[in-house]
Amino acid sequence: QVDAVRVYVNSSSENLQYPVLFVVRQQKGVLSWQVPLIFRGLYQRTYNYQEVSRTLCPSEPTPETGPSDQIIFVDVSSMAPFNIAYELLVTRLENFQLETNKAFTFTASPSQPQYFLYKFPQDVDSVIIKVVSDAAYPCSVVSVQDIVCPVYDLDHNVEFNGVYQSMTKQAAITVQRKDFPGEQFFIVFVIKPEDYACGGSVPSSIHGNANRTWNLQRTKNLQVTIVPSIKKSVYIQAMLFSFLSFLSFYLGSVVVAFVHYIRVRRKALAGRLSPEDGSGIVTSSHPIAASTPEGSSYGAIDESSSSGGHQLSSPERGLPAGSDTDSSVEEESDFDTMPEIESDKNVIRTKVFLYLSDLSRKDRRIVSKKYKIYFWNIITIAVFYALPVIQLVITYQTVVNVTGNQDICYYNFLCAHPFGVLSAFNNILSNVGHMLLGFLFLLIVLRRDILHRRAMEMKDVYTLDYGIPKHFGLFYAMGIALMMEGVLSACYHVCPNYSNFQFDTSFMYMIAGLCMLKLYQTRHPDINASAYSAYASFAVVICLAVLGVVFGKNDMWFWVVFSMIHVLASLALSTQIYYVGRFKIDGPDSDLGIFRRAAMVLYTDCIKQCSRPMYMDRMVLLIVGNLVNWSFAIFGLVYRPRDFASYMLGIFICNLLLYLAFYIIMKLRSSEKLLPIPLFCIVATAVVWAAALYFFFQTLSSWEETPAESREKNRACILLGFFDDHDVWHFLSAAALFFSFLVLLTLDDDLDAVRRDKIPVF
C-alpha cells in the first residue's frame, strides 16, 4: 500500500488583495495555492472558497531504500499588513490505493478535489473505471493521469495531462496497461465551479461585486469501481463471430443456387427447359401471336400501335444478344428526338390500362447501358466521398489520442473496446456485415446477369417479349451502396459526433432512393430517371441534410423553406408518376406552364366535372403518399426535431415502404403469384427489420446533448461481452437490407414465362 497525505487549510479572511499563500515542498515537487481560492467562470464570474483541501503527491518507497519517513515542509505566508487567522490540518489517507472490483465512495468539491492510485494486477491488461453519482450536478471531471508530480487536480489545469471526461451521473474510462510503463496511474476527480459544460444552466452576465460568489456549496458524492476489461481471446471470438455469421449467408446462397441448378437440370431432362437457363424464360416453343393482344385496345390504340413495341425491338433481333456496341446509332437521344416516336409515346402512355409492352419499347441494349451508368457513377461517388471522410476521422481519432479529451467523441464508454489506435473497435467491427452482404448481393446479381445473357444467346429472339426486362445496373449500384454504407458507418463510429453524423446516413439516403427507383423501373423500364438526374437529386438531399444539421436546431426560417420544398417536390413527383412522364412544360410561358397546366387539370377533372380519376390505382397511391409527406412536413415545422438527418431518413424509408406495400398489393390484385423465395425474403425482411429497429431505438449515446449527458445513456455490452445494442443493430440492419434487396431482385420471378402484353403496369 502507498501512503498519501492530505492537507486541509481554512482562513476566515475575505481580503482578495492579501490572500494567504500555502507552499508545500516535498522530495519530488512543490505544490502551492492561495486562500481564498479563486475559480473563474463565464462572463468573468468568480467563485471564491475559504476552505481548501489538497492531496499531496505520494512518494513510494523504493526497494533499495525500503520504507522511510516522508519529510514535508509547509510554508504559510501573506503580504497583508495585519494578522490573518488560518487553520492547517494534515491527515494520512487510509484508502488512497483503490482495489479491483471493490467500490469506493467519497466526496469532492471545487476547492477539495480528490485523486487515488491504482496498480494493475499481474493478470489484468485492461480495466474499466466506472464512476457513478446519484446527482447529475454539480458537473465534474474524471481524469486518468500518469504517476507524475504535480498532479493536475484543479478546474483550470485538469485537462493538461492524461485522459479526461466530463460527468453528470455516469462516466467510464477504459485504461490499458501498455499505456502506463509503471503499470499504475492516478484517477483524479474535479468538481467544476459551473454546470454549463455538462448541459446545466448558463450563468447570467452580472457586473460589479454581484459577479463574485463566496463558498458556494457544490459538494458531490461519487462512487468509483475499477473492473477488469475483456481479454484478448474475446477480441478473437468477436471477430470470428462477425465473419462466420455473415459467411453463413454465402453458404446459404450456394445451397440455394445448387438446388436451383438441380431443379433446372431435371426440367431440362424432362424437355421443358434448357439446362443453361437460369432465369426461367420460356423457350421458343411458346407460340407468339401476331395479332393485337386481348385487352390492349384501351384508349383507342389500334393493332399497329400495339405492335409498335415489336417493331422498335427489331434492330436488337438482328444482332447477337451479347454485342453491346458503342455506335452512336444506339444512343437513347436518337429515340427521344424522333417526332413519330414521341407522338407514339404520347398516345400509348395515356391509355387507361397500360401493359409492360407499352413501356418497354426501346432497344434493350440501350436501356441496359443507361442503367449501367448508375453502377459506374456510384463507384466514382463512393471513392470521392469516402477518401476525405477516412482522412477526417483519422484526424479526429488522432486528436482524441493526443489530447486525451474524450468529450470529442460520443461513444458508449461502458462498451468501448480499444484496438490499436481505435477507441471503439467493436462499433467498427460490427459494420463488416454491410460489406460482406453487399459483396454477396453483387455476386448474386452477377450470376443472374450471366445466366440471363446466356439464356438470351441460347433462346429464340422472340423470348425477349416475355417477363420483366432484365436490367441489372441498378442492382449493382444497390450492392455498392450497401458496401459503402458499411464503410462510412465504420468511419462515423471511429469518432461519432455532431459534425460527422451525415457520414452514417448519406448512403442510407442513396439506398432508399435506389430501391424506389428500382421498384419503379421494374414496370416502367423506358421512363425511369437517368443516373445523372437521380444522383443530382441525392446530392440536393445531402445538401439539405447538412443545412438541417447546421440550421435546423433553432432557425424557423429553415424549416419553413424545407417544408415548402418538401411539399412542392412531392406534388411535382406525383404529377410525373400519375401521367407516366408525359406531363410536360410547354408553351411560351414555360416558367409558369406547369402551374397553369396543373391548375387547369385540377379545375377540369375535379371541379368542373368531378369524375372518376382516369388512373384510380395510381391516384390512391399518390394521395396516400402526399398525405404521408405533408404530415412529415407539418411535423417538422411544428416540432423541429434536432436530429435532422434521422428525420430525413425517416421520410425516405416511409416512402419506400409505402411504395413497396402498394406494389405487392397491386401484384396480388393482378392475380400474380409470390414464389417461395421472394415470399421467404419478404417474411425475413419484416422479422429482421422489426428486431433491428428494436435495438436501434435503444439509445446508448446522443450527440444532440452534451458529452456528459450522453454518457448517462451508456450501457454495458450485451453480446459476447464485446458488442452493445447498437452493434446488434448493425448486424441486423445489414441482414435486413440484404433481404430487402433480395425481395426486389426476386419479386417478379413468377412473370418470366408471361408475355409482356399481359403484364399490367402500376
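Does the stretch 613-644 hold any residues that are in contact with a Gly (Cβ under 8 Å, 6 or more places away or on another chain) and more than 14 Å from Asp555 (Cα to Cα), and which are they? Once the filter is applied, which keeps residues that are in contact with a Gly (Cβ under 8 Å, 6 or more places away or on another chain) and more than 14 Å from Asp555 (Cα to Cα), the stretch 613-644 yields only Phe632. Selection within the stretch 1-25: residues that are polar (S, T, N, Q) and touching a Pro at 6+ places or on another chain (Cβ under 9 Å). The member of this set that is least open to solvent (accessible area, probe 1.4 Å) is Ser11. Taking the residues in the stretch 99-131 that are charged (D, E, K, R) and in contact with a helix residue (DSSP H, G or I) (Cβ under 8 Å, 6 or more places away or on another chain) as candidates, determine which candidate is most open to solvent (accessible area, probe 1.4 Å). Across the stretch 99-131, the extreme among qualifying residues is Asp125. Among the conditions (1) open to solvent by less than 50 Å² (accessible area, probe 1.4 Å); (2) at pLDDT 75 or above, the only one that Arg582 does not satisfy is (2). The residues of the stretch 366-382 that are within 18 Å of the chain's Cα centre (by Cα) and open to solvent by 10 Å² or more (accessible area, probe 1.4 Å) amount to a single one, Ile381. Take the conditions closer than 18 Å to Asn401 by Cα, touching a residue at least 60 places away in the same chain (Cβ under 8 Å) and crowded, with 22+ Cβ neighbours inside 10 Å and apply them to Gln165. Does it pass? Yes; evaluated as a whole, the condition is true for this residue.
Residue-level analysis places Val158 outside the set of residues that are more than 23 Å from Tyr47 (Cβ to Cβ), in contact with a strand residue (DSSP E or B) (Cβ under 8 Å, 6 or more places away or on another chain) and open to solvent by less than 10 Å² (accessible area, probe 1.4 Å). When Ser53 is tested against the conditions (1) in contact (Cβ under 8 Å) with a residue 40 or more places away in the chain; (2) open to solvent by 60 Å² or more (accessible area, probe 1.4 Å); (3) within 23 Å of Val224 (Cα to Cα), the lone failure is (2). The C-beta contact set for the stretch 206-233 (first residue closer than 24 Å to Pro113 by Cα and at pLDDT 90 or above, second residue of a type in the set (D, E, K, R) and part of a strand (DSSP E or B), distance under 8 angstrom, 6+ apart or interchain) comprises Val224/Lys130; Thr225/Lys130; Ile226/Lys130; Val227/Lys130. Only a single item in (1) touching a residue at least 24 places away in the same chain (Cβ under 8 Å); (2) in contact with a Gly (Cβ under 8 Å, 6 or more places away or on another chain); (3) surrounded by fewer than 20 Cβ atoms within 10 Å (Cβ to Cβ); (4) not assigned by the TED database to the domain that holds Met483 is not met by Phe558, and it is number (1). Scan (1) more than 30 Å from Val35 (Cα to Cα); (2) at pLDDT 90 or above; (3) not polar (S, T, N, Q) for the single condition Phe189 breaks and write down its number. Only one criterion is unmet by Phe189, namely (1). Scan the stretch 88-105 residue by residue and report those that are farther than 17 Å from Val132 by Cα and touching a Phe, Trp or Tyr at 6+ places or on another chain (Cβ under 8 Å). Residues satisfying the conditions are Leu88, Leu89, Val90, Thr91, Asn95, Phe96, Gln97. Scan the stretch 386-407 for residues that are buried (at least 16 other Cβ atoms within 10 Å of the Cβ), among the β-branched types (Val, Ile, Thr) and within 19 Å of Ile129 (Cβ to Cβ) and the total you get is 1.
All of Ser671, Ser740, Ser710, Ser733 fail the test of being outside any helix (DSSP H, G or I) and out of contact with any His (no Cβ under 6 Å at 6 or more places or on another chain), apart from Ser671.
So, Leu547, is that one touching a helix residue (DSSP H, G or I) at 6+ places or on another chain (Cβ under 7 Å), touching a residue at least 24 places away in the same chain (Cβ under 8 Å) and either in a helix (DSSP H, G or I) or surrounded by fewer than 19 Cβ atoms within 10 Å (Cβ to Cβ) (or both) or not?
no
Assessment of the stretch 191-206 against the conditions (under 25 Å from Gly29 (Cβ atoms), of a type outside the set (A, V, I, L, M, F, W, C) and either surrounded by fewer than 21 Cβ atoms within 10 Å (Cβ to Cβ) or not assigned by the TED database to the domain that holds Gln34 (or both)) yields no matching residue. Considering only the stretch 52-75, I want to know if a residue exists there that is over 29 Å from Pro138 (Cβ atoms), assigned to a loop (DSSP other than H, G, I, E, B) and modelled with pLDDT of 85 or more. The answer is yes, given that some residue of the stretch 52-75 is over 29 Å from Pro138 (Cβ atoms), assigned to a loop (DSSP other than H, G, I, E, B) and modelled with pLDDT of 85 or more.
Remark: Phe96 matches the filter, which requires a residue to be buried (at least 16 other Cβ atoms within 10 Å of the Cβ) and either hydrophobic (A, V, I, L, M, F, W, C) or assigned by the TED database to the domain that holds Asn412 (or both). Cβ-Cβ distances below 9 Å connect the following pairs, each with a first residue in the stretch 653-668 that is without any contact (Cβ under 8 Å) to a residue 12 or more places away in the chain, a second residue that is among the aliphatic types (A, V, I, L, M) and crowded, with 16+ Cβ neighbours inside 10 Å, and a separation of six or more residues or different chains: Leu668/Leu674. The condition (being among the polar types (S, T, N, Q) and crowded, with 21+ Cβ neighbours inside 10 Å) is satisfied by just one residue among Ser430, Ser499: Ser430.
Of everything in the stretch 108-125 that is part of a loop (DSSP other than H, G, I, E, B) and touching a residue at least 12 places away in the same chain (Cβ under 8 Å), the residue that is farthest from the chain's Cα centre (by Cα) is Ser111.
Every test in (1) assigned by the TED database to the domain that holds Arg448; (2) surrounded by fewer than 21 Cβ atoms within 10 Å (Cβ to Cβ); (3) under 30 Å from Met167 (Cβ atoms) is passed by Ser646 save one, and that test is (1).
Report yes if Val399 is closer than 30 Å to Lys169 by Cα and free of Cβ contacts under 8 Å to residues at least 12 places away in the same chain, otherwise no. Answer is yes for this residue.
Scanning the stretch 412-421 finds one or more residues that are buried (at least 21 other Cβ atoms within 10 Å of the Cβ) and assigned to a helix (DSSP H, G or I).
The values are calculated or read from the model by the stated rules, or taken from the named source; none is laboratory data. Here the structure is a predicted model, which means the values were calculated and not measured. Positions of Cβ are generated from backbone atoms using ideal geometry, with glycine treated the same way; all protein chains shown enter the neighbour counts. With ligands, DNA and RNA removed, areas are computed over all heavy atoms of the protein, side chains included. Shrake-Rupley method; radii C 1.70, N 1.55, O 1.52, S 1.80 Å.
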